[in-house]
Amino acid sequence: MPLESKRLANLLLSEPSEDQWQEAITTTNILQKSSPATAKRQATLIRKRLMTLDSTGWQLIVSGGNEVCLQLLLAASIQHSRLLGDFMSQVYLTRYKGLETDLTKHSWQDFLAGCSHIDASVLTWSESTQLKLFQVILRILAEAKYLDSVRNLRLTPQSVHPEVRRYLMRQEDRYALHCMDIAK
């Protein structure tokens, strides 16, 4: 949700009170959603991701250009979801280095099986939850241009933009940088 994330990053830069935040989301409807419930739900998710960054990161999202914006949003998503980062580093990177050209549902199932060895609660996830998580990860990777599309799942590895690399290094965010730096 790059457009929505830009709007919320801009709002965060103004250091809004909780009342100002709620007014912007529900009354002003800065996310332009059809219902206040949808706006609140999306704003909460995006805010949690953005809070993994600082005001410099938010400013880069707002004014840093499309590639910088998308890559910083991916970094924030990785920090927010270790599952995404681990999938990128363990599956995407492995497939890319193995000269594979795409992701498969089978690679997702293998990844989850590996995760279940670390955390047995993964085995309790319903099939629909597993599928939804995979769809969300695919959408994030497609929006960040790491996949051609959610339909064909073709790998399109990216080089981390120098501005994003500098930001992540200043933040000492080596995990997100490692996950994103597929084309190194």
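The values are calculated or read from the model by the stated rules, or taken from the named source; none is laboratory data. Note that this is a predicted model, so its numbers are computed, not measured. Quick reminder, even Gly has a Cβ in these numbers, built from the backbone with ideal geometry, and neighbours come from all protein chains shown. Heads up: the accessible areas ignore ligands, DNA and RNA and are worked out on the full protein's heavy atoms, side chains in. Shrake-Rupley method; radii C 1.70, N 1.55, O 1.52, S 1.80 Å.
Which of the residues that make up the range 174-184 are open to solvent by 20 Å² or more (accessible area, probe 1.4 Å) and under 17 Å from residue 84 (Cα atoms)? First the steps, then the outcome.
First, pick out the residues of the range 174-184 that are open to solvent by 20 Å² or more (accessible area, probe 1.4 Å): 174-175, 178, 183-184.
Once the filter is applied, which keeps residues that are open to solvent by 20 Å² or more (accessible area, probe 1.4 Å) and under 17 Å from residue 84 (Cα atoms), the range 174-184 yields 174, 175, 178.
State which residue is most open to solvent (accessible area, probe 1.4 Å) when the search covers only the range 23-37 and only residues that are out of contact with any helix residue (DSSP H, G or I) (no Cβ under 6 Å at 6 or more places or on another chain) and not polar (S, T, N, Q).
Ranking the qualifying residues of the range 23-37, first place goes to 23.
Determine whether the range 97-104 contains at least one residue that is among the β-branched types (Val, Ile, Thr) and closer than 19 Å to residue 180 by Cβ.
No, there is no match, as no residue in the range 97-104 is among the β-branched types (Val, Ile, Thr) and closer than 19 Å to residue 180 by Cβ.
Going through the range 29-47 one residue at a time, which ones are in contact (Cβ under 8 Å) with a residue 12 or more places away in the chain, part of a helix (DSSP H, G or I) and more than 11 Å from the chain's Cα centre (by Cα)?
Once the filter is applied, which keeps residues that are in contact (Cβ under 8 Å) with a residue 12 or more places away in the chain, part of a helix (DSSP H, G or I) and more than 11 Å from the chain's Cα centre (by Cα), the range 29-47 yields 39, 40, 42, 43, 47.
Select the helices (runs of 4 or more DSSP H) contained entirely in the range 62-156, then report the ones holding at least 1 residues which are among the acidic types (Asp, Glu) and surrounded by 12 or more Cβ atoms within 10 Å (Cβ to Cβ).
Per the criteria, 66-80, 82-87, 105-118, 127-143.
Cβ contacts < 6 Å: first residue within 14 Å of residue 93 (Cβ to Cβ), restricted to the range 155-178; second residue open to solvent by 50 Å² or more (accessible area, probe 1.4 Å) and of a type in the set (Phe, Trp, Tyr), any location; separation 6+ or different chain. Result?
Partner pairs satisfying both residue conditions: 155/96; 157/96.
Before we move on, is residue 108 under 23 Å from residue 14 (Cβ atoms), in contact (Cβ under 8 Å) with a residue 12 or more places away in the chain and not aliphatic (A, V, I, L, M)?
Taking the combined requirement at face value, the residue does not satisfy it.
Any residue that is of a type in the set (Ser, Thr, Tyr), open to solvent by 30 Å² or more (accessible area, probe 1.4 Å), in contact with a helix residue (DSSP H, G or I) (Cβ under 7 Å, 6 or more places away or on another chain) and part of a helix (DSSP H, G or I) - is there at least one of those in the range 1-22? Break it down into steps so the answer makes sense when it comes.
Filtering the range 1-22 down to residues of a type in the set (Ser, Thr, Tyr) leaves 5, 14, 17.
Now drop any that are not open to solvent by 30 Å² or more (accessible area, probe 1.4 Å), which leaves 14, 17.
Checking which are in contact with a helix residue (DSSP H, G or I) (Cβ under 7 Å, 6 or more places away or on another chain) leaves us with none.
The answer is no; no qualifying residue exists.
Please verify whether residue 137 is under 26 Å from residue 59 (Cα atoms) and touching a residue at least 60 places away in the same chain (Cβ under 8 Å), treating the condition exactly as stated.
Details: under 26 Å from residue 59 (Cα atoms): yes; touching a residue at least 60 places away in the same chain (Cβ under 8 Å): no.
Against the criterion (under 26 Å from residue 59 (Cα atoms) and touching a residue at least 60 places away in the same chain (Cβ under 8 Å)), residue 137 does not qualify.
What about residue 50, is it crowded, with 16+ Cβ neighbours inside 10 Å and either under 20 Å from residue 153 (Cα atoms) or not hydrophobic (A, V, I, L, M, F, W, C) (or both)?
No: the conditions fail for residue 50.
Sort out which residues of the range 157-171 are assigned to a loop (DSSP other than H, G, I, E, B) and either at pLDDT 95 or above or crowded, with 16+ Cβ neighbours inside 10 Å (or both), and write them in order of number. Write out each step before concluding.
Filtering the range 157-171 down to residues assigned to a loop (DSSP other than H, G, I, E, B) leaves 157-161, 171.
Once the filter is applied, which keeps residues that are assigned to a loop (DSSP other than H, G, I, E, B) and either at pLDDT 95 or above or crowded, with 16+ Cβ neighbours inside 10 Å (or both), the range 157-171 yields 157, 158, 160, 161, 171.
Given (1) in contact (Cβ under 8 Å) with a residue 12 or more places away in the chain; (2) over 16 Å from the mean Cα position of the chain (by Cα); (3) more than 12 Å from residue 1 (Cβ to Cβ), identify the lone condition not met by residue 14.
Looking at each condition in turn, residue 14 falls short on (1).
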